[in-house]
Amino acid sequence: MEKQVDVSVVIPLYNEEENVTKLYTELHSVLHNKDFSYEILFVNDGSSDKTGQIVDKIIEQDSHVTIVNFRKNFGQTAAMSAGFDYACGEVIITMDGDLQNDPADIPELLENINEGYDVVAGWRHKRQDSFFSRRLPSLIANKVISVITGVHLHDYGCTLKAFKKEVTDNIKLYGEMHRFIPAIASAMGVSIAEIKVNHRPRLYGTSKYGISRTFRVILDLITVKFLLSYSNRPIHVFGLIGMGSFSFGTIIAAILIFQRQIYDIPLGDRPLFLLAILFLFMGIQFITFGLMSELQIRTYHESQNKPIYFVKDVRRKE
Ligand code: UDP
Ligand code: MG
């Protein structure tokens with residue numbers, strides 16, 4: 001028996017015992033008595049405090065609430081991914097469990113989905129976090145992500161977002177990639193809206209991240225860019241580098257050999273010769289690597305019957 005609702009609100013929780021009751025109360029007042037059915041899906045990411053017990057109490061009183069308990073702390077991305085797997089809503093809303101996102105923004109997210117957008121992203125235009133450790137790195141990161149992924153949003157890090165089920169069904173998350181969901185989803189061709197949302201300072205509990213997150217975001221960005229642009233044709237990126245390197249090596253070697261033959265300049269004591277050999281080798285390595293990657297992507301797609309395209313619908317005359 002598969003439960004079916006209109007809206008699932010997915011919330012990762014890691015040691016949020018002081019926040020969860022108030023969060024539930026706010027969600028309840030926004031969601032109940034509306035003309036859509038809903039569920040609240042908490043994912044307890046291995047909390048070591050009372051978060052789980054508090055949600056259990058809420059569950060006894062409200063059948064709209066579900067909790068998925070992780071065996072240990074797997075991280076926010078894993079928690080959101082589990083939320084997508086267990087959610088049964090046609091629309092999935094994600095938000096933080098620390099009260100920084102405001103449930104009052106949910107109706108506007110839903111309006112945008114009803115207008116036809118596949119993804120609606122929240123933009124914390126008045127972000128309530130410290131400037132140097134949070135807002136500045138995030139400002140730079142948002143610009144870079146925007147340029148590199150080609151998906152233009154002001155705020156990628158805001159967890160408050162809404163997705164149609166088709167979108168969350170078709171993406172797999174690894175590392176700390178939850179912030180890249182709109183970018184990853186853009187590969188399947190989605191329409192994305194961005195709306196300004198409220199953001200509140202964290203009143204209880206502590207933030208789970210520090211400045212070191214910046215580096216992980218950069219590395220994840222490289223992966224996302226690669227997947228977006230070359231996941232179906234890795235030889236085009238590795239092969240191109242390989243061909244460039246090989247040609248460069250060939251040119252240097254040719255000049256040196258020419259000088260050796262025509263002007264009798266000895267070849268053995270010329271450092272450039274080593275450089276030429278290095279480039280030639282690198283070229284061959286890169287091209288071979290590209291070929292290996294081509295084998296890999298065939299395994300990736302064909303072992304899971306994953307097509308390299310996404311169809312919206314198929315129309316025919318009756
Ligand atoms: N979170 C989680 N697992 C983790 C870290 C964080 O489920 O390993 C949850 C956390 O409980 C919160 C949300 O992810 O609901 C965002 O975390 P946080 O508020 O610490 O991030 P920030 O707002 O500081 O970026
Ligand atoms: Mg927070």
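Numbers at a glance
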| item | result |
| --- | --- |
| Cα Rg, Dmax (largest Cα-Cα span) when computed across the chain, Å | 25.3, 92 |
| Accessible surface, the stretch 139-196, averaged per residue in Å² (probe 1.4 Å) | 42 |
| Distance between modelled label sites at PHE215 and HIS236, nm, 7 Å Cα→Cβ extension | 3.3 |
| GNM top mover of GLY249, GLY83, GLY46 - the chain, alpha-carbon springs below 10 Å | GLY249 |
| Per DSSP, loop GluC sites (Glu not before Pro) in the stretch 105-152 with at most 15 further Cβ within 10 Å | GLU115 |
| Longest to shortest principal axis, alpha-carbon extents of the stretch 128-256, angstrom | 68, 37, 22 |
| Local electrostatic count at VAL55 - Lys and Arg +1, Asp and Glu -1, tallied over other residues with Cβ under 11 Å | -3 |
| Pairs beyond 25 Å (Cα-Cα), from LYS57/LYS161; LYS143/LYS196; LYS172/LYS196; LYS3/LYS164; LYS50/LYS196; LYS50/LYS165 | LYS57/LYS161; LYS172/LYS196; LYS50/LYS196; LYS50/LYS165 |
| Rounded percent of accessible protein surface that carbon and sulfur make up, the chain, 1.4 Å probe | 59 |
| Cα gyration tensor, the stretch 107-201 - rounded (a/c under 1.5), prolate or oblate | oblate |
| For the chain, built as a Gaussian network whose Cα springs stay under 10 Å, the top-fluctuating residue of ILE255, ILE67, ILE211 | ILE255 |
| Shape of the stretch 1-42, Cα gyration tensor, a/c cut at 1.5 | oblate |
| 11 Å beta-carbon shell around ASN198, net charge (K/R +1, D/E -1) | +2 |
| For ILE171, solvent-accessible area (1.4 Å; no DNA, RNA or ligand), Å² | 10 |
| Residues MET292 and ASN69, FRET efficiency given R0 of 41 Å [Cβ-Cβ distance, rounded to 0.05] | 0.55 |
| Inter-label distance for ILE59 and LEU278, nm, one decimal - labels placed 7 Å from Cα along Cα-to-Cβ | 6.0 |
| Contact order normalised by residue count of the chain, Cα under 8 Å, 6+ apart, percent | 17 |
| Residue of GLY242, GLY89, GLY157 that the Gaussian network model of the chain assigns the largest fluctuation, springs spanning Cα pairs under 10 Å | GLY242 |
| Cα gyration tensor, the stretch 1-149 - rounded (a/c under 1.5), prolate or oblate | oblate |
| Summed residue charge, Cβ within 12 Å of GLN76's Cβ, Lys/Arg positive, Asp/Glu negative | -1 |
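The values are calculated or read from the model by the stated rules, or taken from the named source; none is laboratory data. These numbers come from a predicted model, not from an experiment. Glycine also receives a Cβ, built like all others from the backbone with ideal geometry; neighbour counts cover every protein chain displayed. Quick note on the areas: whole protein, heavy atoms, side chains included, nothing else; ligands and nucleic acids left out. Shrake-Rupley method; radii C 1.70, N 1.55, O 1.52, S 1.80 Å.
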